[in-house]
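S.K.: This is the structure I want to talk about, given as structure tokens.
The values are calculated or read from the model by the stated rules, or taken from the named source; none is laboratory data. In this text, all values refer to a predicted model and were calculated from it rather than measured experimentally. So basically every Cβ, Gly included, is an ideal-geometry build from the backbone, and we count neighbours across all protein chains shown.
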Amino acid sequence: MLTWLSHSEEQTYRLGKRIGENIKPGDIILLFGELGSGKTVLSRGIAHGVGVIGMVTSPTFTLMNTYVGRIPVYHFDIYRLSEPEELYDLDYEDYFFGSGVSIVEWPERLGFLLPEEYLKITIFRLYDENSRKIVVEPMGNRFAALEEVLMDYEGTGN
């Protein structure tokens, strides 16, 4: 488990970008945190790190946005799902276990569909409106190399 302190959206974005520069096809990133904690800012950084050009926004009303980078990025916001089974309508397995990277906001709603291996990122709001504690936890062996790269990263003001 790795932990950073971020004191601005820019620092949160830069950590996301570092993650995006080092992820591989088939990686699944689950973003935990309360409303307004910075999940979409981190997602934007990850997508830009993968090479996505332009705006990256939360897919709150569409459930998923697709972006083109060096690998496809599938950005899910499943806050509005009432049951995990609703993901079957999206053919989520094609995205989660395909050739792109999946970023999921509100993964608590996955329930029994939670994958075995994923990168768990939890964002906690701290004492002021810009400060965050970001905890990155590789779940499974798939992310061992990424964990090593991130251990040396100090871009968020650790």
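S.K.: In segment 58-73, what residues are farther than 13 Å from Gly20 by Cβ and either among the hydrophobic types (A, V, I, L, M, F, W, C) or in contact with a helix residue (DSSP H, G or I) (Cβ under 7 Å, 6 or more places away or on another chain) (or both)?
M.R.: Ser58, Phe61, Leu63, Met64, Val68
S.K.: Now for a separate question. Looking only at segment 21-80, count how many residues are in a loop (DSSP other than H, G, I, E, B) and within 15 Å of Ile134 (Cα to Cα).
M.R.: 6
S.K.: Do any residues in segment 1-25 that are acidic (Asp, Glu) have Cβ atoms under 8 Å from those of residues that are buried (at least 20 other Cβ atoms within 10 Å of the Cβ) and part of a helix (DSSP H, G or I), where the two are at least six apart or on different chains, and which pairs are they?
M.R.: Here the result reads Glu9/Val41; Glu21/Gly49; Glu21/Val50, each pair linking segment 1-25 to a residue that is buried (at least 20 other Cβ atoms within 10 Å of the Cβ) and part of a helix (DSSP H, G or I).
S.K.: Turning to a different aspect of this structure: Within the group Glu137, Glu108, which residue is in contact (Cβ under 8 Å) with a residue 24 or more places away in the chain, outside any strand (DSSP E or B) and under 20 Å from Gly33 (Cα atoms)?
M.R.: Glu108
S.K.: So Glu129 fits all but one of (1) free of Cβ contacts under 8 Å to residues at least 60 places away in the same chain; (2) acidic (Asp, Glu); (3) in a helix (DSSP H, G or I); what number is the exception?
M.R.: Evaluating Glu129 over (1) free of Cβ contacts under 8 Å to residues at least 60 places away in the same chain; (2) acidic (Asp, Glu); (3) in a helix (DSSP H, G or I) leaves (3) as the failure.
S.K.: Looking only at residues that are over 9 Å from the mean Cα position of the chain (by Cα) and among the small types (Gly, Ala, Ser) in segment 25-44, which one is surrounded by the fewest Cβ atoms within 10 Å (Cβ to Cβ)?
M.R.: Only one residue fits best here, namely Gly36.
S.K.: Quick one: in segment 96-131, of everything that is modelled with pLDDT of 85 or more and among the hydroxyl-bearing types (Ser, Thr, Tyr), which residue is farthest from Gly51 (Cα to Cα)?
M.R.: Ser131
S.K.: Looking only at segment 53-74, filter to residues that are crowded, with 21+ Cβ neighbours inside 10 Å and β-branched (Val, Ile, Thr); which one of those is farthest from Arg125 (Cα to Cα)?
M.R.: My answer is Val73.
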